[in-house]
Structure formats: structure tokens, C-alpha cells
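Enquirer: Here it is: the structure, laid out below.
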Amino acid sequence: MNEINQLFLEALSASLRGERVQWENPLEAQDWAALLKQAQAHHVLPMIFEAVYACPAAQSADARLMQLAKRQTMQSVMMQAMKTGEFLAMMKHLSEAGLAPCVVKGVVCRSLYPSPDHRISGDEDVLIPPEQFERCHEAMLAFGMQPAEPEQDMHSAYEVPYGKPGSPLYIELHKHLFPPESDAYGDFNRFFADAHAHTTEIVVDGTPLTTLSPTDHFFYLICHAFKHFLHSGFGIRQVCDIVLFAGHYGREIDWTAVLENCRAIRAEQFAAALMKIGQKHFGFDPDAAGVPRVWQAIEVDEGPMLSDLLDSGVYGSASMSRLHSSTMTLGAVAADKRGKKADGSVLRTLFPSRKALEGRYPFLRTRPWLLPVAWLRRIMHYAGEQRGSGTDNRAAESLRIGSERVELLRRYGIIK
């Protein structure tokens, strides 16, 4: 691990404890720039800046750089506070309308941080029974929300995004937690089929919120990170969410059930690696959290996963090349589930299946014979991105990253 990543993890760990680092030795200007760039890539700049700005080493930092980071931090925290306030108001509105949607991730995870608004969320996720969608949709319209994708077929979509004009609030209203049509992880929904039957309630800033039970929520956080790992990566922020959740709710989690579920989706080593990263770098105490010995006895090398997620940025968005590499990893997982060789072929990368492209090209749902048109559009779009982003988006680089990540999936027992 390079020095910048080590410093990054130290500062993040201090932030999770509500503390600040006490670095004495001055850092070079380029090191401060690299550290803050890494924080931006993982969408944790407010957490990192709060942990480092007052340390003795910061006195040697470029004043303009630190001032810019301070301004960005203040803007992000203020924006997050506004979004949280709007979201809680919306949830109160839905409750008064006789609805009880289930909140997942987002505000639930933020409430576990020492400074919740320093943990930035791009959106809020709400799960409802499919039969309640129409009522919830009407109630959200009455609150001022509007569909973010008006052309979307809301009745067939597993999730519908909403925005609010003049507000930073962005909502994803889920009928299912995962896209049922996905060959790689659509079957994850079976674990949450009766999630609404055993929810729990938390209170955030005086507002009661319905959320998943600790066991379901913890397993969902693992599944959500796992889904992004199968794409192009998931970043360090989700690791923080998972270990803070485990530390807070550990004694209420049915660890045996979670382990059985992880084994069912071949995520046993993946989950164990996350726990190990939390233990080594973020002060997670498995004994205090009630983690049974069978979990702690799982032998796994978390190093390759840590390197991958640090390189990935938030949700694997560090580069266009990495984002495009997801076609190889998802194709490898889907092939493995069908009992075929998970080779991550170049042809599958260039010419994905109709099902894999339906999200981006909705017309394929009703006109599947237009798949060659979707391939052509995708290749043209890819070429346009390549011209506009230089070395950030090269086909050869996507293939290299994809091949390496397919091997990473094998290393953690996700594919054979």
C-alpha cells in the first residue's frame, strides 16, 4: 500500500471515531493534493478534511488548496443537511398519508457517524411493497417530487427515481432492492421477500422512520456492496457503512443466518474480507459486536480487495475504463451461474446481451430485434467518451482492468 492510501485510511479511521489525526511530519504539496483527491474520489472529503486540517503537518500545506477543500467541505455538509431535512419532511408527509415505506442505507447509515452530515449521500433509497407503488407515487407528487426519468415505464421498473425542483433531494423508490432481470444478482431479491413483515423503527432528528430489521439490513448492505463489486468496484465509504452498522447493531444481528445467505451467493469470503478490513483499519471489534467464531475463523486475504476498492473510487467510478470493464465481470458471473466458463470474453464486452442493455436502452424491452442498433449506439457512445476523456477511457485499459477483476472474483470464490 502506498503512503497516500495509508494516510487516507488513517484519517478516515480517525473520522469514524470522531477524532483528528496528529500528524507531525510535514507532507509535500503533491501529497496533500493526492490525499484530498483520493477523498474526493471516494466522496468522503468532509470526513477527511475535518480529520486533518488542524494537525501540525497541515501547516505546511498549500493554503489555497486547503481553503478550496474547506469551501467544498462546507458546501457539501450544508447541502447534505438540506437534503436530510427535506427527506425527513417527505417521510413525515408519506406517514401522514397512511404509508409506511421502508428506508434503507442513506440516512440509516449516516445516523451512525459521529457527524452524520459529513457522510455524504447522493440519494435516499426507499422500499415499498409493489402493490403500494401507485399510492406512494401520488403522495410523492403531492409533496412536490417529480419522476427524474419521465420516459421510464414506472410500472415495469424495479425502481423509480424522483427529484424535486429547486431542491437537492433525490429519491430512488424501490419495488425490489435489486433488478429482477439481472443475471448476476437479480436472485438476491429472494432473501428480502418478506422483509416488510419484520421491520423496525429508528428515530432521526425526531422523525420516526421504518427500516429493515438489523439482520436484513446488514445483509442488504453486504449485498449492495457485492453488487457493485461485481460491476466495477464499490469504494471505501460502503466499508465504513458496513463496519459501523455491524459495530452498532452487532448484538441484534443473526450472524448465522447472514453467513448462510452469504454462502448461498458465494459472498462468504467477500463479507469476511470486509470485516477484516474494518478490524485492521477502522477499529472494528468483532468480539464486542458479537461476531461468532465461525465468522472470525474464515481465512481470507483482504489485501487484494482493499487495493481494488481504493483504486475504484465511489461505486467504481474512478475512470471510464473501469466503469466499462464491468461488462466483463458481470458477464463472467452470469456465465458461471449458467455453468459455463467465466472467461470475461472480449466479444461479450463489445456485444452484451439484450438483457444487460435494457436498462440503458429501454426500447429493447419491447423491440428486442433492435439489439444491433443498441450495440452500435453503445460503441459510438464509447468512442465519443474515449475521444473526450483521453487516457481515462481506453478500450485496451477496460479489457486489462476487466481481466484482472475477473481473476479477483475467482480469488474470492465468487466464480470458479
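Enquirer: In whole angstrom, and with the biggest value first, how far do the Cα coordinates of segment 107-163 range along each principal axis?
Expert: Between the extreme Cα coordinates on each principal axis of segment 107-163 lie 39, 21, 21 Å.
Enquirer: Please work out the FRET efficiency for the pair Ser307 and Glu131, using the Cβ-Cβ distance as r and a Förster radius of 45 Å; give the result to the nearest 0.05.
Expert: FRET efficiency, Ser307 to Glu131: 0.50.
Enquirer: With just the Cα atoms defining each centre, how far is segment 22-97 from segment 228-283? Give it in Å.
Expert: If you average the Cα positions of each part, the centres end up 25 Å apart.
Enquirer: What figure in square angstrom, to the nearest 10, would you give for the accessible area of His43 with a 1.4 Å probe?
Expert: For His43, solvent-accessible area is about 90 Å².
Enquirer: Obtain the nm distance between the two label points defined at Asp62 and Asn2 by a simple spin-label model: each point lies 7 Å from its Cα along the Cα-to-C-beta direction.
Expert: Taking the two extended label points, one gets 1.7 nm.
Enquirer: Taking 0.36 nm per residue of separation and subtracting the Cα-Cα distance, what length does fully extending Leu376 through Arg71 add?
Expert: Result: 105.5 nm gained on full extension.
Enquirer: How long is the gain from Gln30 to Ile298 if the chain were fully straight, where each residue apart is worth 0.36 nm and the alpha carbon distance is subtracted?
Expert: The Gln30-Ile298 span can extend by a further 92.5 nm.
Enquirer: If you don't mind, another one. So if I restrict to the alpha-carbon atoms in segment 182-321, what is the Rg, and what is Dmax, the biggest pairwise distance, in Å?
Expert: 15.1, 44
Enquirer: Ranked by accessible surface with a 1.4 Å probe, highest first, in what order do Leu376, Leu310 come?
Expert: Leu376, Leu310
Enquirer: Evaluated at 25 °C with a viscosity of 0.890 mPa s, what Stokes-Einstein diffusion coefficient in µm²/s does segment 242-281 have when Rh comes from the Kirkwood expression over alpha-carbon pairs?
Expert: 232 µm²/s
Enquirer: Further question: How much accessible area does Phe219 have with a 1.4 Å probe, in Å² rounded to the nearest 10?
Expert: About 10 Å², rounded to the nearest 10.
Enquirer: Compute the accessible area per residue over segment 211-311, keeping the other protein chains in place, probe 1.4 Å, unit Å².
Expert: Solvent-accessible surface per residue comes out at 33 Å².
Enquirer: In whole Hz, what ³J(HN,Hα) sequence does segment 314-330 give by Karplus (6.51, -1.76, 1.60; θ = phi - 60°), x for Gly and Pro?
Expert: So the J values, rounded to whole Hz, are 5, 6, x, 9, 4, 7, 5, 4, 5, 4, 5, 5, 4, 4, 5, 5, 5.
Enquirer: Let me ask you something else. When the solvent-accessible surface of protein heavy atoms is calculated with a 1.4 angstrom probe, in what order do Arg237, Arg411 fall, highest first?
Expert: Arg411, Arg237
Enquirer: Quote the charge dipole size of the chain about the Cα centre in Debye, to the nearest 20; the model charges only the Cβ of Lys and Arg (+1) and of Asp and Glu (-1).
Expert: Approximately 1240 debye in magnitude.
Enquirer: Right, something else. Would you mind checking segment 236-278 for residues with the amide N under 18 Å from a putative spin-label position 7 Å along Cα→C-beta of Ala288?
Expert: Taking a point 7 Å out along Cα→Cβ of Ala288, the residues of segment 236-278 whose backbone N falls under 18 Å are 240-253, 275-278.
Enquirer: Could I ask something else about it? Please go through the residue pairs Lys175/Lys276; Lys227/Lys340; Lys105/Lys280; Lys227/Lys416; Lys70/Lys227 and name each one whose alpha carbons sit more than 29 Å apart in this structure.
Expert: Correct reply: Lys175/Lys276; Lys70/Lys227.
Enquirer: In whole percent, and with a 1.4 Å probe on the protein chains, what portion of the accessible area of the chain is carbon and sulfur?
Expert: Whole-percent figure for carbon plus sulfur exposure: 52.
Enquirer: On to the next question. So, taking all protein chains as they sit and a 1.4 Å probe, how much accessible area belongs to Ser121, in Å² rounded to tens?
Expert: 10 Å²
Enquirer: Using a 1.4 Å probe and counting only protein heavy atoms, arrange Thr366, Thr199, Thr329 so the residue with the most accessible area comes first.
Expert: Final ranking, largest accessible area leading: Thr366, Thr199, Thr329.
Enquirer: Here's a follow-up. What is the spin-label model distance, in nm, from Asp254 to Leu141 if the labels are put 7 Å beyond Cα along the C-beta direction?
Expert: For the pair Asp254/Leu141, the computed spacing is 4.0 nm.
Enquirer: Please give the charge dipole size of segment 163-279, origin at the Cα centre, charges +1 on K and R Cβ atoms and -1 on D and E Cβ atoms. Round to the nearest 20 debye.
Expert: That gives a dipole near 300 debye.
Enquirer: Among [x] 21.5; [y] 26.4; [z] 22.6, find the value of Kirkwood radius over Cα pairs in Å that was calculated from the structure presented, and write down its label.
Expert: Correct label is [z].
Enquirer: Could I ask something else about it? Using helices alone, what [θ] at 222 nm do you get for the chain, with -39,500 (n - 2.57) per DSSP H run of 4 or more residues, divided over all residues and rounded to the nearest 500?
Expert: The helix-only estimate for the chain comes to -16000 deg cm²/dmol at 222 nm.
The values are calculated or read from the model by the stated rules, or taken from the named source; none is laboratory data. The structure displayed is predicted, hence computed values, not measured ones. With ideal geometry, Cβ positions are generated from the backbone for all residues, glycine too; neighbour counts draw on all protein chains shown. Remember, those area values only see protein heavy atoms, side chains included, never the ligands or the DNA or RNA. Shrake-Rupley method; radii C 1.70, N 1.55, O 1.52, S 1.80 Å.
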